[in-house]
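The numbers here are math on the coordinates, done by the rules we state, and not lab data. In this text the structure is predicted, and so the values were computed from the model without any measurement. Glycine gets a Cβ as well: all are built from the backbone with ideal geometry, and neighbour counts include every protein chain shown.
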Amino acid sequence: MIVDIQDLWKRYPGTWALRGISFGVERGRVQGVLGENGSGKSTLFRILAGLTRPSKGTAEVMGQEVCTATRQHVAYLAEVNPFYDWMKVMEQVEFLARFYPNWDLDKSRELLEFMGLDADKKVGTLSRGQKGRLKVVCTFSWPSDLVLMDEPLAGIDPPSRKRIVEALFKEFRFGEQTILISTHMVHEVGEFIEDVMFMKEGEIALSGNADALREERGESISEMFETVAM
Amino acid sequence: MNTWFVLYVKELKANKNIFLFLLVLIVGLVVYGLTQPVPMPGAKMDWEKISGIVLPGFAVFTLLISMPFLLAHAYNSEWKSETHYQMFSLPIRQYKVSLAKIAAVGSMGFVGGAIVIVGMYIVQMRVSDFIGQPPPVSASDFYFLSGLVLIAYLVLVFGLVTGMEGVKYSVKQYRGLTAAAFFIGALYLFGRFAHQATEMLDFLGKIPIQIQHNHTTITYQGIGVAPFAYMILSGVMLLIIGLAVYEKRAEI
């Protein structure tokens with residue numbers, strides 16, 4: 001089990017973002033985490049990435065409680081733009097590369113080209129879509145064990161969305177890497193997802209193998225999203 | 001390259017505009033002040049006559065007052081621009097991120113401090129030359145004492161700010177209020193125990209200074225090490241509290 005969550009609770013002032021969820025993810029699986037805004041998806045990802053701490057319960061990555069050491073295995077693609085606007089694109093990539101021993105700068109250059117990003121441009125001058133593409137470059141420039149993609153397509157223009165989805169299919173090492181992806185754009189990544197977990201108000205509303213759920217309920221993932229998670 | 005050094009260089013680059021602005025301002029004030037005529041003893045005080053002393057003095061004030069704000073800015077700009085997401089997801093301990101910020105602002109403080117200390121010594125030399133007396137304090141005593149004051153001040157101020165930022169980002173609500181409460185509490189405790197602590201540290205002795213007066217050298221034994229040691233110890237304690245809280249409690 002690469003991700004093991006047991007009775008996980010997270011409280012923010014005035015609200016519980018997570019209400020005792022438990023689940024596990026096997027190595028090499030692609031798990032969709034679907035739910036409306038405020039359903040707890042981003043909080044779950046932030047806990048797994050080590051950005052925030054659970055109020056109660058445990059979150060383990062690769063058999064270890066989330067800590068500085070587990071971050072060495074996790075590529076986290078945040079919903080927000082986490083990049084330094086004053087850095088050039090390549091400077092930002094090289095900055096991150098210094099913290100991950102197995103970061104492949106040739107791969108970064110190849111991905112920048114594939115994503116149509118100018119390495120010499122300042123990050124601050126990039127559009128939202130271009131920044132979204134840069135996040136994908138940074139996510140797949142090193143062979144992480146777990147990829148956490150929090151709304152990689154939100155607010156991104158259709159051409160950038162297309163490139164990001166193409167990159168996902170091209171760069172993801174199926175069977176080796178594990179990916180947790182949260183998105184509203186279910187139709188864009190629907191065929192990519194192997195397992196799915198619908199979240200509502202901090203709880204798991206439905207989860208299971210995507211194909212099995214489709215067959216069992218006679219609904220597409222998009223339809224399930226509407227009936228279960230909204 | 002060591003990951004801490006990577007963070008340190010990043011902090012220098014991130015704040016380079018504000019650091020350069022401050023350095024240019026300090027150098028400008030010192031140089032302009034030194035190009036003004038030396039005030040004649042007993043002359044009527046007007047701006048033209050005293051600017052040679054006031055402007056380098058203002059450079060000292062500018063440097064000292066800017067240090068805590070620069071360090072607070074280094075933390076807050078990270079959180080405001082949301083780049084703290086990047087910092088928190090890196091496989092490094094968060095106290096290293098804090099130490100890199102402190103070191104970057106500290107470097108600026110030392111460079112600026114060296115400029116103003118040399119500037120102030122030149123002011124002393126010019127006044128002494130003008131009145132035909134040797135400088136009252138020797139260069140070595142002047143640099144040693146000024147350096148000690150600067151270091152003690154920087155350590156205390158960086159400790160205060162690091163503590164404030166540490167507690168600020170470890171709570172989810174009332175962050176400004178929490179930081180303000182920490183600041184007031186820390187200052188109160190600093191003042192409350194100042195007397196007892198300096199008495200306890202009195203064993204550290206006093207710094208002898210040779211003062212020149214009317215071509216006679218007088219050895220003055222009056223400057224105790226204890227107040228500086230107390231400032232440095234308090235600063236280090238606050239620094240440890242701030243770093244520990246930021247490492248253990250700060251979260252997004």
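Points to keep in mind about this one:
- About its Cα centre, the dipole of chain A is roughly 800 debye, where the only charges are +1 on Lys and Arg Cβ and -1 on Asp and Glu Cβ.
- Neighbour counts of other Cβ atoms within 10 Å put B:Arg126, A:Arg71 in the fewest-to-most order B:Arg126, A:Arg71.
- Entry note, the stretch B:93-186: relative contact order of 21 percent, from Cα contacts under 8 Å with a spacing of 6+ residues.
- The stretch A:152-189: chymotrypsin sites (Phe, Trp or Tyr not before Pro) in DSSP loop, at most 14 other beta carbons within 10 Å: A:Phe174
- Projecting the Cα atoms of B:Phe19, B:Phe5, B:Pro56 onto the dipole axis of the stretch B:1-132, where Lys and Arg carry +1 and Asp and Glu carry -1 at the beta carbon, places B:Phe5 farthest toward the positive end.
- Longest DSSP-loop-exposure-free segment, chymotrypsin sites (Phe, Trp or Tyr not before Pro), chain B, at most 14 other Cβ within 10 Å: B:1-173
- When only the Cβ of Lys, Arg, Asp and Glu is charged (+1, +1, -1, -1), the dipole of the stretch B:138-252 relative to its Cα centre reaches about 400 debye.
- For the protein assembly as shown: rounded, prolate or oblate by the Cα gyration tensor [a/c cutoff 1.5]: prolate
- Helix B:47-80 and the longest principal axis of the C-alpha atoms of chain B enclose an angle of approximately 10°.
- Percentage relative contact order, chain B, counting C-alpha pairs under 8 Å, at least six apart: 21
- Whole-number percent relative contact order across chain A, with pairs defined as alpha carbons under 8 Å at least 6 apart: 28
- With the charge dipole of the stretch B:138-252 set up from +1 on Lys and Arg Cβ and -1 on Asp and Glu Cβ about the Cα centre, the Cα lying farthest toward the positive end among the listed residues B:Met231, B:Tyr143, B:Ala250 is that of B:Ala250.
- P(r) histogram, all alpha-carbon pairs of the stretch A:1-134 included - 5 Å bins from 0, percent: 2, 9, 16, 18, 16, 14, 13, 8, 3, 0
- What the phi angles of the stretch A:53-60 give under the Karplus curve with 6.51, -1.76 and 1.60, with θ = phi - 60°, is a coupling list of 10, x, 7, 7, x, 10, 10, 10 Hz, glycine and proline written as x.
- Loop GluC sites (Glu not before Pro), the stretch A:30-100, which have at most 15 other Cβ atoms in a 10 Å radius of their Cβ (DSSP): A:Glu36
- Unsatisfied cross-links (Cα-Cα over 32 Å) in the set A:Lys10/B:Lys13; B:Lys101/B:Lys172; B:Lys168/B:Lys206: A:Lys10/B:Lys13; B:Lys168/B:Lys206
- Dipole moment magnitude, nearest 20 debye, the stretch A:88-175 about Cα centre, only Lys, Arg, Asp, Glu C-beta charged: 240
- Distance between modelled label sites at B:Leu145 and A:Asp211, nm, 7 Å Cα→Cβ extension: 8.4
- Sequence of A:His184, B:His84, B:His213 once ranked by neighbouring C-beta atoms within 10 Å, starting from the fewest: B:His213, A:His184, B:His84
- Computed from Cα positions, the angle between helix A:128-139 and the longest principal axis of chain A comes to roughly 90 degrees.
- Low-density loop cleavage sites - trypsin sites (Lys or Arg not before Pro) in the stretch A:143-230, where at most 14 other Cβ are within 10 Å (DSSP): A:Arg173
- Here the residues B:Thr216, B:Thr83, B:Thr62, A:Thr43, ranked from fewest to most Cβ neighbours within 10 Å of their Cβ, fall in the order B:Thr216, B:Thr62, B:Thr83, A:Thr43.
- Taking θ as phi - 60° and the Karplus parameters 6.51, -1.76 and 1.60, the scalar couplings of the stretch B:174-191 work out to 6, 5, x, 5, 4, 5, 5, 5, 4, 4, 5, x, 5, 5, 4, 5, 4, x Hz in sequence order, x denoting glycine and proline.
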